[in-house]
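One structure below.
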Amino acid sequence: MHDLDHALGTATAASSPVECYNEWDPLEEVIVGIVDNAHFPPWHVAVGAPLSAAQREIFQQRAGQPFPADQVAAARDELDQLAEILESMGVVVRRPEPRDHSASYGVPGWSSTGLYDAMPRDLLLVVGDEIIEAPMAWRSRYHSVSAFRPLLKDYFRRGARWTSAPKPELHDDLYVEDWTDQPDGEPFRSVITEYEPTFDAADFMRFGRDIFAQRSHVTNGMGIEWLRRHLGDDYRVHEVTLEDDHPMHIDASLVPLAPGKLLIQAERVPEVPSLLKDWEVRVAPTPVIPDSHPLYMTSKWINMNVLMIDEEHMLVEAQDVPMQRLAESWGITPVPCPFRNFNSFGGSFHCATTDVRRRGELRSYL
Ligand code: ARG
(Lines give C-alpha, C1' and ligand atoms only; values in the text may rest on other atoms or scores of the structure.)
Protein backbone atom coordinates (compact mmCIF):
# COMPACT_ATOMS: atom_id res chain seq x y z
CA MET A 1 0.00 0.00 0.00
CA HIS A 2 1.12 3.56 -0.73
CA ASP A 3 2.39 5.43 2.37
CA LEU A 4 -0.33 8.02 2.24
CA ASP A 5 -3.00 5.35 1.86
CA HIS A 6 -1.53 3.68 4.87
CA ALA A 7 -1.61 6.87 6.92
CA LEU A 8 -5.16 7.65 5.92
CA GLY A 9 -6.48 4.16 6.37
CA THR A 10 -8.28 2.00 3.90
CA ALA A 11 -11.10 4.37 3.15
CA THR A 12 -12.53 1.78 0.84
CA ALA A 13 -12.68 -0.93 3.50
CA ALA A 14 -16.14 -2.45 3.51
CA SER A 15 -16.24 -2.80 7.27
CA SER A 16 -14.74 -0.96 10.21
CA PRO A 17 -12.60 -2.77 12.79
CA VAL A 18 -14.78 -0.96 15.34
CA GLU A 19 -18.45 -1.86 15.44
CA CYS A 20 -20.64 -2.51 18.42
CA TYR A 21 -24.28 -1.70 19.20
CA ASN A 22 -25.07 -3.48 22.43
CA GLU A 23 -23.68 -5.52 25.30
CA TRP A 24 -24.48 -9.01 23.99
CA ASP A 25 -23.84 -9.55 20.27
CA PRO A 26 -21.10 -12.12 19.52
CA LEU A 27 -17.79 -10.62 20.62
CA GLU A 28 -15.07 -10.52 17.96
CA GLU A 29 -12.48 -8.09 19.35
CA VAL A 30 -11.90 -6.67 22.79
CA ILE A 31 -9.42 -4.49 24.65
CA VAL A 32 -8.38 -5.94 28.02
CA GLY A 33 -6.82 -3.47 30.48
CA ILE A 34 -3.51 -3.76 32.32
CA VAL A 35 -2.88 -3.08 35.97
CA ASP A 36 0.87 -2.38 35.77
CA ASN A 37 2.05 0.77 37.57
CA ALA A 38 -1.33 1.34 39.25
CA HIS A 39 -1.14 4.22 41.73
CA PHE A 40 -3.46 5.80 44.24
CA PRO A 41 -4.23 9.25 42.84
CA PRO A 42 -3.53 12.48 44.72
CA TRP A 43 -6.32 13.17 47.17
CA HIS A 44 -9.10 15.35 45.78
CA VAL A 45 -12.73 15.94 46.69
CA ALA A 46 -13.90 14.26 43.45
CA VAL A 47 -11.87 11.13 44.18
CA GLY A 48 -13.42 10.70 47.60
CA ALA A 49 -17.05 11.27 46.60
CA PRO A 50 -17.82 7.86 45.01
CA LEU A 51 -15.98 5.94 47.74
CA SER A 52 -17.17 4.60 51.09
CA ALA A 53 -15.89 6.20 54.29
CA ALA A 54 -13.35 3.40 54.83
CA GLN A 55 -12.14 3.63 51.23
CA ARG A 56 -11.73 7.40 51.51
CA GLU A 57 -9.44 6.92 54.47
CA ILE A 58 -7.18 4.54 52.56
CA PHE A 59 -7.08 6.84 49.53
CA GLN A 60 -6.12 9.77 51.75
CA GLN A 61 -3.40 7.79 53.53
CA ARG A 62 -1.91 6.30 50.38
CA ALA A 63 -2.34 9.23 47.99
CA GLY A 64 0.36 9.13 45.31
CA GLN A 65 1.66 5.69 46.36
CA PRO A 66 1.67 2.58 44.21
CA PHE A 67 -0.91 -0.13 44.86
CA PRO A 68 0.63 -3.08 46.75
CA ALA A 69 2.97 -4.97 44.40
CA ASP A 70 1.67 -8.43 45.35
CA GLN A 71 -1.90 -7.36 44.60
CA VAL A 72 -0.84 -5.85 41.28
CA ALA A 73 0.93 -9.11 40.37
CA ALA A 74 -2.09 -11.24 41.29
CA ALA A 75 -4.44 -8.99 39.31
CA ARG A 76 -2.08 -9.00 36.32
CA ASP A 77 -2.14 -12.78 36.33
CA GLU A 78 -5.95 -12.78 36.34
CA LEU A 79 -6.08 -10.30 33.46
CA ASP A 80 -3.77 -12.59 31.49
CA GLN A 81 -6.07 -15.53 32.23
CA LEU A 82 -9.03 -13.48 31.05
CA ALA A 83 -7.19 -12.68 27.82
CA GLU A 84 -6.38 -16.36 27.30
CA ILE A 85 -9.96 -17.46 27.86
CA LEU A 86 -11.23 -14.89 25.39
CA GLU A 87 -8.64 -15.89 22.81
CA SER A 88 -9.49 -19.56 23.25
CA MET A 89 -13.07 -18.62 22.37
CA GLY A 90 -11.94 -16.99 19.14
CA VAL A 91 -11.98 -13.37 20.32
CA VAL A 92 -9.14 -11.04 19.23
CA VAL A 93 -7.64 -9.53 22.39
CA ARG A 94 -5.70 -6.25 22.35
CA ARG A 95 -3.81 -4.76 25.30
CA PRO A 96 -2.73 -1.17 26.01
CA GLU A 97 0.88 -0.08 26.51
CA PRO A 98 2.02 0.42 30.12
CA ARG A 99 2.36 4.01 31.31
CA ASP A 100 4.15 5.54 34.30
CA HIS A 101 1.39 6.75 36.60
CA SER A 102 3.75 8.24 39.17
CA ALA A 103 4.78 11.05 36.80
CA SER A 104 3.35 14.47 37.53
CA TYR A 105 1.58 16.50 34.83
CA GLY A 106 -0.59 19.53 34.81
CA VAL A 107 -2.30 22.43 33.11
CA PRO A 108 -2.44 26.02 34.35
CA GLY A 109 -4.30 25.83 37.65
CA TRP A 110 -3.70 22.25 38.72
CA SER A 111 -1.38 19.26 38.62
CA SER A 112 -1.81 15.57 39.29
CA THR A 113 -0.33 12.14 38.99
CA GLY A 114 -2.16 9.21 37.39
CA LEU A 115 -4.21 6.16 38.36
CA TYR A 116 -4.03 3.11 36.08
CA ASP A 117 -4.90 1.58 32.68
CA ALA A 118 -6.94 -1.23 34.16
CA MET A 119 -10.46 -0.16 33.18
CA PRO A 120 -10.77 0.69 29.48
CA ARG A 121 -14.57 0.61 29.99
CA ASP A 122 -14.35 3.82 31.94
CA LEU A 123 -12.82 5.82 29.15
CA LEU A 124 -13.61 4.31 25.75
CA LEU A 125 -17.17 4.18 24.46
CA VAL A 126 -17.90 2.28 21.27
CA VAL A 127 -21.21 3.16 19.66
CA GLY A 128 -21.75 1.78 16.20
CA ASP A 129 -18.58 2.19 14.15
CA GLU A 130 -17.23 4.99 16.32
CA ILE A 131 -14.87 4.85 19.27
CA ILE A 132 -15.22 7.84 21.59
CA GLU A 133 -12.71 9.03 24.21
CA ALA A 134 -14.66 10.11 27.29
CA PRO A 135 -14.06 13.52 28.92
CA MET A 136 -13.23 12.10 32.35
CA ALA A 137 -13.81 14.21 35.45
CA TRP A 138 -10.91 12.95 37.57
CA ARG A 139 -7.70 14.92 37.16
CA SER A 140 -5.81 11.67 37.78
CA ARG A 141 -7.42 10.27 34.63
CA TYR A 142 -6.76 13.29 32.41
CA HIS A 143 -4.22 11.35 30.34
CA SER A 144 -5.93 7.97 30.73
CA VAL A 145 -6.26 7.47 27.02
CA SER A 146 -2.50 7.63 26.47
CA ALA A 147 -1.97 3.90 27.00
CA PHE A 148 -4.69 3.17 24.45
CA ARG A 149 -3.62 5.61 21.75
CA PRO A 150 -1.51 3.05 19.85
CA LEU A 151 -4.64 0.90 19.53
CA LEU A 152 -6.86 3.83 18.60
CA LYS A 153 -4.47 4.91 15.86
CA ASP A 154 -4.39 1.37 14.55
CA TYR A 155 -8.20 1.20 14.44
CA PHE A 156 -8.26 4.56 12.71
CA ARG A 157 -5.77 3.46 10.06
CA ARG A 158 -7.96 0.46 9.43
CA GLY A 159 -11.07 2.55 8.86
CA ALA A 160 -12.63 3.28 12.26
CA ARG A 161 -14.28 6.55 13.14
CA TRP A 162 -12.45 7.98 16.17
CA THR A 163 -13.60 10.90 18.30
CA SER A 164 -12.74 12.59 21.54
CA ALA A 165 -15.42 14.50 23.42
CA PRO A 166 -14.37 18.12 24.15
CA LYS A 167 -11.29 17.88 26.36
CA PRO A 168 -12.41 19.17 29.77
CA GLU A 169 -10.43 21.84 31.59
CA LEU A 170 -11.05 20.26 35.02
CA HIS A 171 -10.98 23.76 36.47
CA ASP A 172 -11.74 24.17 40.18
CA ASP A 173 -15.23 25.35 39.18
CA LEU A 174 -16.07 21.84 37.98
CA TYR A 175 -15.93 20.61 41.57
CA VAL A 176 -18.08 21.39 44.61
CA GLU A 177 -15.22 22.25 46.91
CA ASP A 178 -17.11 21.80 50.19
CA TRP A 179 -19.03 18.75 48.98
CA THR A 180 -20.35 16.32 51.57
CA ASP A 181 -22.54 13.22 51.20
CA GLN A 182 -26.24 13.91 50.86
CA PRO A 183 -28.06 13.05 54.08
CA ASP A 184 -29.85 9.68 54.05
CA GLY A 185 -33.00 9.71 51.96
CA GLU A 186 -32.15 12.96 50.17
CA PRO A 187 -31.62 13.12 46.41
CA PHE A 188 -28.16 12.51 45.01
CA ARG A 189 -25.79 15.44 45.33
CA SER A 190 -22.95 15.24 42.82
CA VAL A 191 -19.42 16.40 43.55
CA ILE A 192 -19.23 17.82 40.03
CA THR A 193 -21.03 20.87 38.67
CA GLU A 194 -22.26 21.73 35.17
CA TYR A 195 -19.16 23.83 34.46
CA GLU A 196 -18.45 21.77 31.31
CA PRO A 197 -19.43 18.36 29.92
CA THR A 198 -17.80 15.40 31.64
CA PHE A 199 -18.61 11.70 31.60
CA ASP A 200 -17.09 8.30 32.05
CA ALA A 201 -17.99 5.81 29.33
CA ALA A 202 -19.01 3.31 32.03
CA ASP A 203 -21.99 5.48 32.98
CA PHE A 204 -23.66 4.39 29.72
CA MET A 205 -25.22 1.03 28.88
CA ARG A 206 -25.92 0.17 25.24
CA PHE A 207 -29.18 -1.56 24.27
CA GLY A 208 -29.02 -1.01 20.48
CA ARG A 209 -30.78 2.23 19.54
CA ASP A 210 -31.46 2.89 23.21
CA ILE A 211 -28.65 3.86 25.55
CA PHE A 212 -29.21 4.27 29.29
CA ALA A 213 -27.13 6.79 31.20
CA GLN A 214 -26.81 7.86 34.80
CA ARG A 215 -25.55 11.07 36.33
CA SER A 216 -22.87 10.31 38.84
CA HIS A 217 -19.86 11.78 40.58
CA VAL A 218 -18.08 11.77 37.20
CA THR A 219 -20.93 12.18 34.68
CA ASN A 220 -22.93 15.41 34.59
CA GLY A 221 -25.99 16.55 32.66
CA MET A 222 -23.89 18.32 30.04
CA GLY A 223 -21.87 15.16 29.51
CA ILE A 224 -25.01 13.12 28.81
CA GLU A 225 -26.38 15.87 26.57
CA TRP A 226 -23.10 16.06 24.66
CA LEU A 227 -23.30 12.36 23.84
CA ARG A 228 -27.00 12.62 22.94
CA ARG A 229 -26.36 15.41 20.44
CA HIS A 230 -23.22 13.78 19.12
CA LEU A 231 -24.95 10.48 18.38
CA GLY A 232 -27.91 12.21 16.76
CA ASP A 233 -31.21 10.72 15.66
CA ASP A 234 -30.08 7.11 15.30
CA TYR A 235 -29.87 6.72 19.07
CA ARG A 236 -32.04 7.56 22.06
CA VAL A 237 -30.03 8.40 25.18
CA HIS A 238 -32.20 7.96 28.28
CA GLU A 239 -31.13 9.36 31.60
CA VAL A 240 -32.15 7.12 34.49
CA THR A 241 -32.06 7.95 38.17
CA LEU A 242 -30.87 5.08 40.30
CA GLU A 243 -30.68 4.86 44.08
CA ASP A 244 -26.93 4.57 44.36
CA ASP A 245 -25.47 6.44 47.35
CA HIS A 246 -22.10 6.90 45.66
CA PRO A 247 -22.76 6.59 41.94
CA MET A 248 -19.85 6.13 39.59
CA HIS A 249 -20.45 3.78 36.63
CA ILE A 250 -23.77 2.12 35.86
CA ASP A 251 -22.33 -1.36 35.25
CA ALA A 252 -22.80 -2.65 38.78
CA SER A 253 -26.45 -1.55 38.86
CA LEU A 254 -28.19 -2.13 35.51
CA VAL A 255 -26.69 -4.81 33.26
CA PRO A 256 -28.43 -6.30 30.20
CA LEU A 257 -27.33 -9.87 29.46
CA ALA A 258 -29.26 -10.46 26.25
CA PRO A 259 -32.37 -9.06 24.57
CA GLY A 260 -35.14 -9.34 27.19
CA LYS A 261 -32.80 -10.26 30.07
CA LEU A 262 -31.90 -7.57 32.57
CA LEU A 263 -29.80 -8.02 35.68
CA ILE A 264 -30.23 -5.38 38.39
CA GLN A 265 -28.93 -4.50 41.81
CA ALA A 266 -32.25 -4.46 43.67
CA GLU A 267 -31.68 -1.50 46.00
CA ARG A 268 -30.14 0.71 43.35
CA VAL A 269 -32.95 -0.04 40.90
CA PRO A 270 -36.12 -0.03 43.04
CA GLU A 271 -38.12 0.64 39.89
CA VAL A 272 -37.11 -0.71 36.50
CA PRO A 273 -37.20 2.05 33.83
CA SER A 274 -40.60 1.87 32.11
CA LEU A 275 -38.93 1.43 28.71
CA LEU A 276 -37.68 -1.94 29.94
CA LYS A 277 -41.04 -3.09 31.25
CA ASP A 278 -41.27 -5.97 28.77
CA TRP A 279 -37.88 -7.33 29.80
CA GLU A 280 -37.47 -10.14 32.29
CA VAL A 281 -35.66 -8.77 35.31
CA ARG A 282 -33.54 -10.74 37.78
CA VAL A 283 -31.91 -9.47 40.90
CA ALA A 284 -28.15 -9.92 41.36
CA PRO A 285 -27.43 -12.55 44.03
CA THR A 286 -25.81 -11.45 47.28
CA PRO A 287 -22.07 -11.13 46.67
CA VAL A 288 -19.83 -13.87 48.07
CA ILE A 289 -16.69 -11.69 48.36
CA PRO A 290 -15.58 -11.94 52.02
CA ASP A 291 -15.26 -8.80 54.16
CA SER A 292 -11.55 -9.46 54.56
CA HIS A 293 -10.91 -9.06 50.82
CA PRO A 294 -9.63 -5.57 49.92
CA LEU A 295 -11.93 -3.58 47.65
CA TYR A 296 -10.27 -0.19 47.25
CA MET A 297 -12.82 1.50 45.04
CA THR A 298 -15.92 -0.59 44.48
CA SER A 299 -18.68 -2.16 46.51
CA LYS A 300 -19.15 -5.94 46.53
CA TRP A 301 -21.82 -5.50 43.85
CA ILE A 302 -18.98 -5.69 41.41
CA ASN A 303 -20.14 -9.35 41.31
CA MET A 304 -22.70 -8.32 38.66
CA ASN A 305 -20.09 -6.63 36.45
CA VAL A 306 -20.14 -9.54 34.03
CA LEU A 307 -19.19 -9.56 30.36
CA MET A 308 -21.31 -11.26 27.72
CA ILE A 309 -19.28 -13.08 25.07
CA ASP A 310 -22.54 -13.61 23.22
CA GLU A 311 -26.15 -14.04 24.33
CA GLU A 312 -25.38 -17.52 25.68
CA HIS A 313 -21.96 -17.10 27.31
CA MET A 314 -21.12 -14.95 30.30
CA LEU A 315 -17.77 -14.30 31.93
CA VAL A 316 -18.24 -14.65 35.66
CA GLU A 317 -15.88 -14.74 38.64
CA ALA A 318 -14.60 -18.27 39.32
CA GLN A 319 -15.58 -18.30 43.01
CA ASP A 320 -18.96 -16.66 42.43
CA VAL A 321 -21.13 -19.77 42.42
CA PRO A 322 -24.43 -17.90 43.00
CA MET A 323 -23.85 -15.79 39.88
CA GLN A 324 -22.92 -18.89 37.88
CA ARG A 325 -26.17 -20.55 39.01
CA LEU A 326 -28.14 -17.47 38.04
CA ALA A 327 -26.66 -17.62 34.55
CA GLU A 328 -27.49 -21.32 34.18
CA SER A 329 -31.03 -20.83 35.39
CA TRP A 330 -31.43 -18.26 32.63
CA GLY A 331 -30.11 -20.44 29.83
CA ILE A 332 -26.67 -18.80 29.85
CA THR A 333 -23.43 -20.79 30.12
CA PRO A 334 -21.13 -19.30 32.76
CA VAL A 335 -17.49 -18.99 31.70
CA PRO A 336 -15.60 -18.80 35.00
CA CYS A 337 -12.37 -16.85 35.34
CA PRO A 338 -10.56 -16.00 38.58
CA PHE A 339 -10.85 -12.25 39.01
CA ARG A 340 -11.14 -11.51 42.70
CA ASN A 341 -7.70 -9.94 42.96
CA PHE A 342 -8.53 -7.71 40.04
CA ASN A 343 -11.79 -6.74 41.78
CA SER A 344 -9.69 -5.02 44.45
CA PHE A 345 -8.83 -2.34 41.89
CA GLY A 346 -12.45 -1.32 41.41
CA GLY A 347 -13.91 -3.39 38.64
CA SER A 348 -14.64 -6.75 37.12
CA PHE A 349 -15.00 -8.14 33.60
CA HIS A 350 -17.12 -5.34 32.16
CA CYS A 351 -14.88 -2.60 33.59
CA ALA A 352 -11.67 -4.34 32.52
CA THR A 353 -12.70 -4.46 28.87
CA THR A 354 -13.90 -2.42 25.93
CA ASP A 355 -15.74 -4.46 23.36
CA VAL A 356 -14.38 -3.09 20.11
CA ARG A 357 -16.33 -5.27 17.72
CA ARG A 358 -19.40 -7.44 18.11
CA ARG A 359 -21.05 -9.07 15.12
CA GLY A 360 -24.46 -7.50 14.76
CA GLU A 361 -26.39 -4.49 13.60
CA LEU A 362 -28.17 -1.42 14.87
CA ARG A 363 -31.58 -2.49 16.12
CA SER A 364 -34.24 -1.47 18.55
CA TYR A 365 -34.88 -3.94 21.37
CA LEU A 366 -37.36 -1.95 23.48
N1 ARG B 1 -19.56 2.07 41.49
C2 ARG B 1 -19.77 0.64 41.44
C3 ARG B 1 -19.87 0.08 42.85
O4 ARG B 1 -19.20 0.55 43.73
C5 ARG B 1 -18.65 -0.03 40.71
C6 ARG B 1 -18.64 0.25 39.24
C7 ARG B 1 -17.35 -0.14 38.60
N8 ARG B 1 -17.42 0.04 37.18
C9 ARG B 1 -16.41 0.43 36.39
N10 ARG B 1 -16.65 0.53 35.10
N11 ARG B 1 -15.20 0.76 36.85
O12 ARG B 1 -20.57 -0.88 43.08
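Observations, loosely collected:
- Net dipole in debye of the chain [+1 Lys, Arg Cβ; -1 Asp, Glu Cβ; about Cα centre; nearest 20]: 400 debye
- Relative contact order (%) - criterion: Cα under 8 Å, at least six apart; region: the chain: 24 percent
- Most fluctuating residue given options H143, H350, H230, as computed from a GNM of the chain linking Cα atoms under 10 Å: H230
- Counting protein heavy atoms only, the chain has 48 percent of its accessible area on carbon and sulfur, 1.4 angstrom probe.
- Ignoring lysines fewer than eight residues from K261 along the same chain, the ones with Cα atoms less than 30 angstrom from its Cα are K277, K300.
- Taking the range 130-289 and dividing mean pair separation by its residue count, relative contact order in percent (alpha carbons under 8 Å, at least six apart): 17 percent
- Solvent-accessible area per residue for the chain (1.4 angstrom probe, square angstrom): 41 Å²
- Residue of M304, M314, M89 that the Gaussian network model of the chain assigns the largest fluctuation, springs spanning Cα pairs under 10 Å: M89
- Lysines whose Cα lies under 19 Å from that of K167, excluding same-chain neighbours fewer than 8 positions away: K153
- Accessible area (Å², 1.4 Å probe, nearest 10) - D77: 80 Å²
- Per-residue ellipticity at 222 nm, computed for the chain from helices alone with -39500 (n - 2.57) per DSSP H run of at least four residues, works out to -5500 deg cm²/dmol.
- Taking trypsin sites (Lys or Arg not before Pro) as exposed when their DSSP state is a loop state and no more than 13 other Cβ atoms lie within 10 Å, the longest site-free interval of the chain runs over 1-188.
- Taking a ≥ b ≥ c as the square roots of the eigenvalues of the Cα gyration tensor, an a/c ratio of 1.5 or more together with a/b no larger than b/c marks the range 166-253 as oblate.
- Among L115, L275, L152, the largest mean-square fluctuation in a Gaussian network model of the chain, built with springs joining Cα atoms closer than 10 Å, belongs to L275.
- DSSP finds beta bridges in the chain, and of those with both partners inside it, around 60 percent are antiparallel.
- Ordering 41-49, 285-293 by mean Cβ neighbour count within 10 Å, with the highest value first, yields 41-49, 285-293.
- Relative contact order for the range 25-85, counting Cα pairs under 8 Å that sit 6 or more residues apart, in percent: 45 percent
- DSSP beta bridges in the range 6-142 [antiparallel fraction, %, rounded to 5]: 75 percent
- Each of P336, P270, M308 was scored by the projection of its Cα onto the charge dipole of the range 234-351, and the greatest displacement toward the positive side belongs to P336; charges sit on the C-beta of Lys, Arg, Asp and Glu.
- Rounded if a/c under 1.5, otherwise prolate or oblate - the chain, Cα gyration tensor axes: rounded
The values are calculated or read from the model by the stated rules, or taken from the named source; none is laboratory data. All values derive from a computational prediction rather than experimental measurement. Neighbour counts run over all protein chains shown; Cβ positions are idealised from the backbone, glycine included. Accessible surface is based on the protein model in full, side chains and every heavy atom, while ligands, DNA and RNA are left aside. Shrake-Rupley method; radii C 1.70, N 1.55, O 1.52, S 1.80 Å.
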